[in-house]
1. Label residue 110 and residue 177 with points 7 Å out from Cα along Cα→Cβ: what is the distance between them in nm?
2. Any chance you could run the full-extension gain for residue 283 through residue 299? It's 0.36 nm times the residue separation minus the Cα-Cα distance, nm to one decimal.
3. If packing is taken as the average count of other Cβ atoms within 10 Å, what order do 352-362, 133-143, 213-223, 110-120 fall into, highest mean first?
4. Could you give the nm distance between label points at residue 360 and residue 341, where each point is 7 Å from its Cα heading toward the beta carbon?
5. Quick check on the range 268-375: what does the Kirkwood estimate of hydrodynamic radius come out to from the alpha carbon pairs, in Å?
6. State, to one decimal in nm, how far the label point of residue 165 lies from the label point of residue 367, with both points 7 Å from Cα in the Cβ direction.
7. Once the piece of chain linking residue 398 and residue 320 is laid out straight, how much longer is it, given 0.36 nm per residue of separation minus the C-alpha distance between them?
8. Order 261-267, 393-399 from most to least packed using the mean count of other Cβ atoms within 10 Å.
């Protein structure tokens, strides 16, 4: 006899006993003798293979095994397809930042009385307290340094592909002196944009991180990749000098720069402009570059911000805030969330539960993301070792 059958028989037995007079002794149910009026004894066999005899009110039994408290519990049938809760992987949305750095000869001009533009920018990016070593654990940093100092190649670029923990690679690829030559900003930007996917056409479930951001740091008007000069290669040294001079001193043109920024906008990629020269941000075409890069109309007013630090401290502060703000408190879920019921779930930070829809906790954003708030956000942004866990009822999330 199964446990469930014994349970049912025990229940029937109890019903029969309770139906007798109030003075009837039911202690026989635990193996004692029956009551004086012939209650049912249970001194029978201890198993179905050792039945007892029918009780005579003194020492008989029904031939049932003794009923234990565990036999009286409701029967539970386990369904392997039933799920009480589902845990989903909660991952940082890691931003990607491309540093596109002007390496032209004019970057050797003094900046804020504390070194050249090149030296100060380099220190702000990769120095001891630079933004790259500070944020390399939470930002995918890539770098392109450009100029037109190579007559056989324009733009001439030094590239480091984006990755986490990329400080050493960027430091190694960032020369101590500017590379020299002219300023083919548009051509360099176009090269970066061409290497990136179109984030407006990629399916949402194929995108893990947000589109990258390009930070353009320049000190001069772009003068493109001039065709150079026609010269007699017999006198190659003089010819080379003329050619390099023509590249460095070519007339300014924003055509290729504006085209490259429009191409970035078309792919959903933002371009932020940092100006390292006094008065450069007053040039209408540079403002147009910033506007398009920010997703605004060409001649939007007020226009997008052109970041124009005046000294090394301002430059370091500007870059730290600009790039630091890119570090998101959005968390990607590997599952599809029912947003209206998201607060039925539990989100913990290093094992400590966070409150849903709370200024210091978290809130649902869409079916793929939640967002940390207040102090939880601050901790998350500053400590790359933080571990987040998220679990939801099975009808609230569908794990992938």
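Each reported figure results from applying straightforward, stated rules to the coordinates on display, with no laboratory input. Everything quoted here is computed from the prediction, not taken from an experiment. Neighbour counts are summed over all protein chains in view; Cβ atoms, including those assigned to glycine, are modelled from backbone coordinates with ideal geometry.
1. Between residue 110 and residue 177, the simple spin-label model gives 2.0 nm.
2. Numbers: separation 16, 0.36 × 16 = 5.76 nm, distance 1.24 nm.
Computed gain between residue 283 and residue 299 is 4.5 nm.
3. Values: 352-362: 15.0, 133-143: 20.5, 213-223: 23.4, 110-120: 17.7.
The most tightly packed comes first, giving 213-223, 133-143, 110-120, 352-362.
4. Placing both labels 7 Å along Cα→Cβ, they lie 3.0 nm apart.
5. So the Kirkwood estimate lands at 17.0 Å.
6. Computed distance between label sites residue 165 and residue 367 equals 3.5 nm.
7. Result for the pair: 24.3 nm of gain on full extension.
8. 261-267, 393-399
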